[in-house]
Amino acid sequence: MKHDLWSTPLWHIEGAPQQLIDELYQGAYQFRDNYPSVDNRSNEGGYQTPFLDWKDFHPQGIEYIDKVIGDMFKFKVDGWWYNINGKGDWNTPHSHPACDLALVLYLTDSNGLLQLMSPFSQRKLRSSSHVGINANKGDIIMFPSDINHYVKPNNKEEDRISISMNLLLS
């Protein structure tokens, strides 16, 4: 009898309201114009805001996240930030310590650049040590925060923009 131990969940929630995504998209560039990038995290090139308080997130965004995530878990957002990757920009392998789940809200298509790394990559039973995740504009991807992940270089002329959040479960 075979048992799968320690499976890794991944949630893919499609289709945030277009108006919300458009307003958050504009907000990304407003932040970039007003706050310097934090360069001591995972970004190589590109732009990341400092960690921001949940109370400072878009009011309709708070309602939307509370609804779609709150239907699954009791949670608290322990910081959020914008990511803007221009052509050639990428994010190094990293995890999100001191929280339970990592959440990414895509303000543009992801183009399959998010790569989740297997925690069991040393095992020969797996065909790949990482999995590419594709999400469309307005989609949320959520996964355990201890899963190492990275973002491949953006090869498009258009910026790839997302919002990341650290979630604590209660």
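The values are calculated or read from the model by the stated rules, or taken from the named source; none is laboratory data. Just so you know, these numbers come straight off a predicted model, no measurement behind them. Cβ placement follows ideal geometry from the backbone for every residue including glycine, while neighbour counts extend to all protein chains displayed. Side chains are part of the model used for accessible areas, which takes the heavy atoms of the whole protein and leaves out ligands, DNA and RNA. Shrake-Rupley method; radii C 1.70, N 1.55, O 1.52, S 1.80 Å.
For first residues located in the stretch 96-109 and more than 13 Å from TRP80 (Cβ to Cβ), partners that are buried (at least 21 other Cβ atoms within 10 Å of the Cβ) and among the hydrophobic types (A, V, I, L, M, F, W, C) and lie 6+ apart or on another chain with Cβ distances below 8 Å form the pairs ASP100/LEU167; TYR106/ALA135; TYR106/ILE140; TYR106/ILE141; TYR106/ILE161; THR108/ILE161; ASP109/ALA135. Number of residues in the stretch 40-76 that are in a helix (DSSP H, G or I) and either without any contact (Cβ under 8 Å) to a residue 12 or more places away in the chain or open to solvent by 90 Å² or more (accessible area, probe 1.4 Å) (or both) equals 9. When ALA98, ALA135 are checked against the criterion of being surrounded by fewer than 20 Cβ atoms within 10 Å (Cβ to Cβ) and part of a loop (DSSP other than H, G, I, E, B), ALA98 stands alone in meeting it. Among the residues of the stretch 3-32, the ones that are closer than 18 Å to LEU103 by Cβ, of a type outside the set (Phe, Trp, Tyr) and surrounded by 12 or more Cβ atoms within 10 Å (Cβ to Cβ) come to 12 in all.
On inspection, TYR35 does not qualify as closer than 21 Å to TYR150 by Cβ and surrounded by 13 or more Cβ atoms within 10 Å (Cβ to Cβ).
In the stretch 77-94, the count of residues that are modelled with pLDDT under 95 and part of a loop (DSSP other than H, G, I, E, B) is zero.
Can we say ILE84 is surrounded by 11 or more Cβ atoms within 10 Å (Cβ to Cβ), touching a helix residue (DSSP H, G or I) at 6+ places or on another chain (Cβ under 6 Å) and either touching a residue at least 12 places away in the same chain (Cβ under 8 Å) or closer than 28 Å to HIS130 by Cβ (or both)? Yes, satisfied. For the stretch 141-149, check the following and say yes or no: at least one residue is over 20 Å from VAL68 (Cβ atoms) and crowded, with 21+ Cβ neighbours inside 10 Å. The answer is yes; a qualifying residue exists.
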